[in-house]
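The values are calculated or read from the model by the stated rules, or taken from the named source; none is laboratory data. Just so we're clear, the structure is a prediction, and the values are computed from it rather than from any experiment. Here Cβ is always computed from backbone atoms with ideal geometry, including for glycine, and neighbour counts include all displayed protein chains. We work out accessible area using only protein heavy atoms, side chains counted, and drop any ligands, DNA or RNA first. Shrake-Rupley method; radii C 1.70, N 1.55, O 1.52, S 1.80 Å.
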Amino acid sequence: MDETPVLVDKRAGYVVVTLNRPQRLNSFTEAMHAALIKALNDVEADGCRALLLTGAGRGFCAGQDLNDRLAAGDGGKRDLGESISKFYNPLVRRLRGLPFPTVAAVNGVAAGAGANIALSCDIVLAARSANFVQAFAKIGLVPDSGGTWVLPRLVGAARARGLAMLAEPLPAEKAESWGLIWKAVDDDKLMSEAETICAQFASGPTFGLAQIKRALDAAESNELSAQLDLERDLQREAGNSPDYAEGVKAFMEKRAPAFTGRRS
Ligand code: T3D
């Protein structure tokens, strides 16, 4: 068993969480799932204002550790639905629902659930040498962890089908040009760029940023009219926040705002 499948490094206002099973390209075991969920719970309880998720070694994450599936010796007859219910779905829901920005720094290959977990972060940066692989079809599985939901929304139906059914690696620069990720960056700049973004978020209007996340997530299924109503409601809440008052005051006084991130 890995001693520390997830590393947690607290910075000023944000936390760097590193998937740490580099010998297996940071693929998921139950222990790594448990450690990651605990880390996310701790990060939220600590009042952190941004999360940076990355991988140790040469990969970001290769999805499920297939050794665990082989080791079961059950010829693939395990109930994978149970694994999805118990581990992958709660993880994606947790990441999407965090009330502060999340940044994935994809340092190398992101495959299977590893790709879709990266894509469930708000901002996805990838090293130029990284690639994204919907590896599922290669082993007879279906993209999970939100893959079938996020892919057509980000890259369109034709490309989503190609990625899911051909399971070919998509290099970081193409992922950027297709709109799958925010940005591909030079390998040696990946962490510094991700840290700069997290530092910006850590001194940002966290409550307002959380409302932006809520609005954009709801927009995926809302009609325009419902979305307009939601924007009104979220704007009312944001407009009552101390950060809005500070933002306007700072603008008028021609200085940088000192946001607290608080709701009230
Ligand atoms: O089961 C459930 O709970 C259902 C949920 C499933 C979610 C999923 O994620 S299913 C998809 C699982 N993942 C994959 O199918 C990806 C398998 N890996 C690969 O296709 C390739 O490794 C990569 C494309 C990711 C990277 O290729 P490459 O050539 O850069 O590296 P490599 O040589 O294949 O891998 C390096 C090592 O990591 C190697 O070990 P070794 O030979 O050096 O001892 C390889 O076996 C290991 N590794 C990579 N991925 C996994 C893995 N070991 C276990 N599980 C993996 N997923």
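Just give me the residues in the range 185-225 being among the hydrophobic types (A, V, I, L, M, F, W, C) and more than 13 Å from residue 102 (Cα to Cα), in sequence order.
Step one: filter the range 185-225 for residues among the hydrophobic types (A, V, I, L, M, F, W, C), giving 185, 190-191, 194, 197-199, 201-202, 207, 209-210, 212, 215-216, 218-219, 224.
Of everything in the range 185-225, those that are among the hydrophobic types (A, V, I, L, M, F, W, C) and more than 13 Å from residue 102 (Cα to Cα) turn out to be 185, 190, 191, 207, 215, 216, 218, 219, 224.
Could you list all residues from the range 132-156 that are open to solvent by less than 70 Å² (accessible area, probe 1.4 Å) and more than 16 Å from the ligand (Cβ to nearest atom)?
152, 154, 155, 156, listed by residue number.
So which of 190, 180 ends up being crowded, with 20+ Cβ neighbours inside 10 Å and not in a helix (DSSP H, G or I)?
Values: 190 fails: not in a helix (DSSP H, G or I).
Only one candidate passes the filter, namely 180.
Kindly indicate which of 81, 13, 112 is farther than 28 Å from residue 138 by Cβ and not β-branched (Val, Ile, Thr). Working first, answer last.
Details: 81 fails: farther than 28 Å from residue 138 by Cβ; 112 fails: farther than 28 Å from residue 138 by Cβ.
That would be 13, the only listed residue that is farther than 28 Å from residue 138 by Cβ and not β-branched (Val, Ile, Thr).
From (1) more than 9 Å from the ligand (Cβ to nearest atom); (2) outside any loop (DSSP other than H, G, I, E, B); (3) touching an Asp or Glu at 6+ places or on another chain (Cβ under 8 Å), pick out the condition that doesn't hold for residue 129.
So the condition that residue 129 fails would be (2).
Tell me the strands (runs of 3 or more DSSP E) entirely within the range 1-78 that contain at least 3 residues that are under 30 Å from residue 206 (Cα atoms) and modelled with pLDDT under 95. Can you show your working first?
Values: elements: 6-10, 15-19, 51-55, 59-61.
Output list is empty.
Name every residue in the range 34-43 that is within 17 Å of residue 104 (Cβ to Cβ) and open to solvent by 10 Å² or more (accessible area, probe 1.4 Å), in order of residue number.
In the first step, residues of the range 34-43 are kept if they are within 17 Å of residue 104 (Cβ to Cβ); the result is 36-37, 39-40, 43.
Result: 37, single match.
Across the range 18-32, which residue is surrounded by the most Cβ atoms within 10 Å (Cβ to Cβ) among those that are under 21 Å from residue 132 (Cβ atoms), within 16 Å of the ligand (Cβ to nearest atom) and not hydrophobic (A, V, I, L, M, F, W, C)?
Taking the range 18-32 as the starting set, the residues that turn out to be under 21 Å from residue 132 (Cβ atoms) are 18-22, 24-28, 32.
Within this subset, residues satisfying the condition of being within 16 Å of the ligand (Cβ to nearest atom) are 19-22, 24-28, 32.
From what's left, not hydrophobic (A, V, I, L, M, F, W, C): 20-22, 24, 26-27.
On the way: 20: 19, 21: 23, 22: 15, 24: 19, 26: 29, 27: 22.
Here the answer is 26.
Mind telling me which of the residues 105, 12, 62 ends up being of a type in the set (A, V, I, L, M, F, W, C), surrounded by fewer than 20 Cβ atoms within 10 Å (Cβ to Cβ) and either assigned by TED's automatic domain parsing to the domain that holds residue 140 or within 14 Å of the ligand (Cβ to nearest atom) (or both)?
Within the list 105, 12, 62, the selection yields 12.
Any idea which of 52, 91 is under 21 Å from residue 11 (Cβ atoms), open to solvent by less than 40 Å² (accessible area, probe 1.4 Å), more than 8 Å from the ligand (Cβ to nearest atom) and in contact (Cβ under 8 Å) with a residue 40 or more places away in the chain? Talk me through it step by step, then tell me what you get.
Working: 91 fails: under 21 Å from residue 11 (Cβ atoms).
One residue alone meets the criteria, 52.
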